[in-house]
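Just below is one structure, and these are the notes that go with it.
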Amino acid sequence: MPFNIKCKLVKKEFLKDDICRMIISAPEIAKVAKPGQFLEIRVVDNIQPLLRRPISIYNADENSGEVEFIFQIKGEGTELLSKRREGELLDIMGPLGYGTFKFEDYKNIAIIGGGIGIFPLHELSKRAKEAGINSKIYIGFRNKDLVILEDEFKKVCNDLILATDDGSYAKNGFAINFLKEDVKQNKPDCIYACGPLPMLKAVQAFAKEENIPCQISLEERMACGIGVCLGCAVKYVGKDNVNYKHVCKNGPVFNANDVEI
Ligand SMILES: Cc1cc2nc3c(=O)[nH]c(=O)nc-3n(C[C@H](O)[C@H](O)[C@H](O)COP(=O)(O)OP(=O)(O)OC[C@H]3O[C@@H](n4cnc5c(N)ncnc54)[C@H](O)[C@@H]3O)c2cc1C
């Protein structure tokens, strides 16, 4: 059950000029948050912009009651949010999303993400580590200037492969190429992915080809965040007898074979 609460902005920092990390005090959310879930944030207390903005939970700490999220400044909403000051109260709805990352009885997993799509994968990897699941993470960025959070991701997995498309840092090429190489020796029980659409499509196709279960998180544009406005529909081809599902309510995480992206 999501909460709608005013949460104190405890800390704000910029990881890059356009990438902002916020830590809020939200014990209710930290206690129940599941990997893959997100928050709907009112960026300002004024009427405009009216719609909340969806941002994934990067880290939820039940002990401190703090929840972290990281976002890229894209347009008006995220720009305004980035200007909020430490100590202010943010109007937050969450945790949202019934479709979350699930571990089933997996022992050995691969996690792959690209660019700003890596944010929800941190909480996932952290939980996997806590559950004693062996995880290997593959993250890709376009170039060295865009690389973020390398050390933080290293801490929450058994092995991290970082790649840049142009080879300006770490491994050269798309992250998925390294996953493909590894799968030849060691097939993971499941692949988890979040990132740009072309990467998600490639991961979806590869997992299907190799017959590996795969869970993907979709970051479709959305408005209400609770399944009322039906703005974030995605074509559904799974077992349920419906043609569309909604990223906000049924997702954001889906079994890769169940959705057409
Ligand atoms: C479930 C979910 C989780 C998300 N988690 C994160 C996160 O952890 N960190 C993060 O940086 N972003 C995340 N996003 C994307 C984020 O919500 C949007 O970037 C944000 O709402 C843009 O708002 P804006 O007012 O700044 O930009 P707008 O003025 O609304 O849009 C500016 C530009 O961004 C594009 N855009 C807007 N929304 C999206 C979207 N969902 N996907 C791709 N492009 C978009 C628009 O087409 C436009 O070109 C998430 C989205 C969803 C649905």
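Key figures for this structure:
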{"item": "Every pair of residues 6+ apart whose Cβ atoms lie under 8 Å, when the first sits in the stretch 87-106 and is of a type in the set (S, T, N, Q) while the second is in a strand (DSSP E or B)", "result": "T100/V253"}
{"item": "Lone unmet requirement of (1) crowded, with 16+ Cβ neighbours inside 10 Å; (2) of a type outside the set (F, W, Y); (3) assigned to a loop (DSSP other than H, G, I, E, B) for D240", "result": "(1)"}
{"item": "Test: residue in the stretch 83-90 that is within 15 Å of the ligand (Cβ to nearest atom) and part of a loop (DSSP other than H, G, I, E, B)", "result": "yes"}
{"item": "Given (1) open to solvent by 10 Å² or more (accessible area, probe 1.4 Å); (2) out of contact with any Pro (no Cβ under 9 Å at 6 or more places or on another chain); (3) under 24 Å from C232 (Cα atoms), number of the condition K83 does not satisfy", "result": "(3)"}
{"item": "Enumeration of residues in the stretch 93-137 that are of a type in the set (A, V, I, L, M), more than 16 Å from the ligand (Cβ to nearest atom) and in contact with a Pro (Cβ under 6 Å, 6 or more places away or on another chain)", "result": "I109, A110"}
{"item": "Condition check for E68: within 11 Å of the ligand (Cβ to nearest atom) and touching a Phe, Trp or Tyr at 6+ places or on another chain (Cβ under 9 Å)", "result": "yes"}
{"item": "Lone unmet requirement of (1) part of a helix (DSSP H, G or I); (2) buried (at least 22 other Cβ atoms within 10 Å of the Cβ); (3) more than 15 Å from the chain's Cα centre (by Cα) for P188", "result": "(1)"}
{"item": "Single condition F254 does not satisfy, out of (1) open to solvent by 70 Å² or more (accessible area, probe 1.4 Å); (2) more than 28 Å from N143 (Cβ to Cβ); (3) of a type outside the set (G, A, S)", "result": "(1)"}
{"item": "Conditions (1) under 23 Å from I137 (Cα atoms); (2) within 16 Å of the ligand (Cβ to nearest atom); (3) among the hydrophobic types (A, V, I, L, M, F, W, C); (4) open to solvent by less than 40 Å² (accessible area, probe 1.4 Å); number of the one not met by I261", "result": "(4)"}
{"item": "Some residue of the stretch 116-139 being assigned to a strand (DSSP E or B) and more than 20 Å from P188 (Cβ to Cβ)", "result": "no"}
{"item": "Residue satisfying all of: in the stretch 39-58; of a type in the set (A, V, I, L, M) and more than 16 Å from Q72 (Cα to Cα); farthest from the ligand (Cβ to nearest atom) among these", "result": "I47"}
{"item": "Criterion (modelled with pLDDT of 95 or more, closer than 21 Å to K249 by Cα and crowded, with 21+ Cβ neighbours inside 10 Å) met by exactly one of S125, S135, S217", "result": "S217"}
{"item": "Restricting the stretch 18-46 to residues that are under 15 Å from the mean Cα position of the chain (by Cα) and of a type in the set (G, A, S), the residue that is farthest from A223 (Cα to Cα)", "result": "A33"}
{"item": "Scan of the stretch 202-237 for residues that are among the small types (G, A, S), assigned to a loop (DSSP other than H, G, I, E, B) and more than 16 Å from the ligand (Cβ to nearest atom), ordered by number", "result": "none"}
{"item": "Filter result (open to solvent by less than 10 Å² (accessible area, probe 1.4 Å) and within 12 Å of the chain's Cα centre (by Cα)) within the stretch 58-69", "result": "Y58, F69"}
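Yes/no matrix, rows are residues, columns are (1) open to solvent by less than 40 Å² (accessible area, probe 1.4 Å); (2) farther than 15 Å from H122 by Cα:
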{"residue": "I47", "(1), (2)": "no, yes"}
{"residue": "R52", "(1), (2)": "yes, yes"}
{"residue": "S56", "(1), (2)": "yes, no"}
{"residue": "F71", "(1), (2)": "yes, no"}
{"residue": "G77", "(1), (2)": "yes, yes"}
{"residue": "G87", "(1), (2)": "no, yes"}
{"residue": "L90", "(1), (2)": "yes, yes"}
{"residue": "G94", "(1), (2)": "yes, yes"}
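The values are calculated or read from the model by the stated rules, or taken from the named source; none is laboratory data. Worth saying up front: this structure is predicted, and the values here are computed from it rather than measured. All Cβ positions, glycine included, derive from the backbone under ideal geometry; neighbour counts span all protein chains shown. In case anyone asks, the SASA skips ligands and DNA or RNA and just uses the protein heavy atoms, side chains included. Shrake-Rupley method; radii C 1.70, N 1.55, O 1.52, S 1.80 Å.
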